[in-house]
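Coordinate-derived values only; no laboratory data. From a predicted model like this one, the values you see are computed outputs, not experimental measurements. Counting neighbours? That spans all protein chains shown, and the Cβs are built from the backbone with ideal geometry, glycine included.
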Amino acid sequence: MLISIPKLPESLCFFHFVGSVSISKQLASIKALRKGSDLEKAIATAALIFRNSSDPDGKLGKPTAKTLLQTQFRNFTEGQETKPQYRELLSELDEHIENKLDFEDFMILLLSITVMSDLLQNIWSVQIVK
């Protein structure tokens, strides 16, 4: 099932309120998430970060996508630069037809990086203590 993020009125776009409303406040304003699960809030956070960073057409430019990876996803991208799979993902980003990513493409990129990351291996090795 694909989720569509509606195009925002220009007055609500990222460029008009960047830094003025935190992601946590934006999440708190979504009534359906007040009792949401951690997973639902995690996906909603990714959607809000995408929306806040996207252009008025709801897409991320290549430079913005790379900046988000470096600033918002650095623990997953650290140490990946030498891996062929990671370099291939970034080259695919460079070759993206429109040079822009929609939300679906952005989430696929995040999940692909997550699956190949060293951090995921560390997460899997965490011992759960009850």
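Some points to look at:
- Distance between the 7 Å Cα→Cβ label points at Ala47 and Glu88: 3.1 nm.
- Three-way shape call for the range 58-130 based on the alpha-carbon gyration tensor, with the a/c threshold at 1.5: prolate
- Pairwise FRET efficiency - Ala32 versus Glu81, Cβ, R0 = 35 Å, nearest 0.05: 0.35
- Cross-link table Lys35/Lys100; Lys25/Lys66; Lys25/Lys83, entries beyond 31 Å C-alpha to C-alpha: Lys35/Lys100; Lys25/Lys83
- Extension gain for Glu95-Gln70 works out to 7.1 nm (0.36 nm per residue, less the C-alpha to C-alpha distance).
- Protection proxy ranking of 46-52, 124-130, 69-75 - average other beta-carbon atoms within 10 Å, highest first: 46-52, 69-75, 124-130
- Relative contact order %, the range 19-92, counting alpha carbon pairs below 8 Å whose residues are six or more apart: 15 percent
- Under 12 Å from Lys59, Cα to Cα: aspartates and glutamates that are on another chain or at least 8 residues apart: Glu98, Asp102, Glu104, Asp105
- Sorted peptide list for 109-116, 58-65, criterion being average Cβ within 10 angstrom, highest first: 58-65, 109-116
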